[in-house]
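Notes follow the structure.
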Amino acid sequence: MVGEFRASEYVRTEKLAETLGVSPTPVREALMILGSEGVVRWEPRRGYRVVPIRITDVRDLFSVQAFIAGELAARAATMLTDEDLIAIDEIQVRLVEAAASNDPSLVDELNHRVHRLINRASGSTRMATLLNQTVHYVPLSFFGTIEGWAEASVHDHIAVIAALHARDSAMARASMSAHIENIGGLLIDHLERHKLLPEA
């Protein structure tokens, strides 16, 4: 997803194991899992090959995330305690400061904390688990390298947090979904700029 392995490139088990400092067995098992998810493809006598990622793949991934995250925010809007809202406000203040001081790793961490608080407050453990299964396709630490990411976290959260304070489920759903779709768009722009998509 982030271009560390290029489309159609072969992933050598032994070389990757050496790079990661582990034995080949867990790498082989991980590649089998990635194969079942369609990220790599097994070719007999040649090994695993990276499946090219398309714009539609990224859009689909973030559309699913937007739907789930929106629903979690809608449910959280009526479940968050006053203390939860204060905590979210405090984290967001720190996030704004981190973005202003150009500290992408701290923005990543604080953004994750805001979303985690909202998701946990929803009371929808299984749905939050489904969201986590889609989120892992893009490493958390990678978002800080995307142009406009920190600004989007600052700007988009304003509407989300306002909806949560108003206990407005419909607005929380819409603003959270829009936020996730916006992030997906920024990722697509990043991948296109770095020529990591076949269509680019």
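Every number in this text was worked out from the coordinates using simple rules, so none of it is lab data. These numbers were taken from a predicted model, which means no experiment stands behind them.
Before moving on, here are some points about what is shown:
- Less than 5 angstrom separates the built amide H of residue 40 from those of 35, 51, all sequence-distant by 5 or more or on a different chain.
- In the chain, the alpha-carbon atoms span a convex hull of 126 Å³ per residue.
- The stretch 64-173: relative contact order as a whole-number percent, Cα under 8 Å and 6+ apart: 48
- Computed over the stretch 1-102: relative contact order in percent, which uses C-alpha pairs under 8 Å that are six or more apart: 23
- Relative contact order of the chain, pairs being alpha-carbon contacts under 8 Å that are 6 or more residues apart, as %: 29
- Degrees between helix 104-121 axis and first principal axis of the chain (Cα, 0 to 90, nearest 10): 70
- Amide H contacts for residue 11 (H built 1.01 Å from N in the peptide plane; partners 5 or more residues away or on another chain; cut-off under 5 Å): 48, 49, 50.
- Remark: the stretch 143-151, residue by residue, has Karplus-estimated 3J(HN,Hα) of 4, x, 8, 8, 4, x, 5, 4, 5 Hz, where x stands for each Gly or Pro and the curve is 6.51 cos²θ - 1.76 cosθ + 1.60 at θ = phi - 60°.
- Karplus-based coupling profile of the stretch 21-29, in residue order and whole Hz: x, 10, 7, x, 4, x, 5, 4, 5, with θ = phi - 60° in 6.51 cos²θ - 1.76 cosθ + 1.60 and x standing for Gly or Pro.
- Euclidean distance between Cα centres, the stretch 136-173 to the stretch 1-74, Å: 25
- nm² value of the averaged projected area, convex hull over the Cα atoms of the stretch 87-157: 4.6
- Shown in residue order for the stretch 70-83 are the 3J(HN,Hα) couplings computed by the Karplus curve 6.51 cos²θ - 1.76 cosθ + 1.60 at θ = phi - 60°: x, 5, 4, 5, 4, 6, 5, 4, 9, 10, 4, 7, 4, 5 Hz (x for Gly and Pro).
- Degrees between helix 169-193 axis and first principal axis of the chain (Cα, 0 to 90, nearest 10): 40
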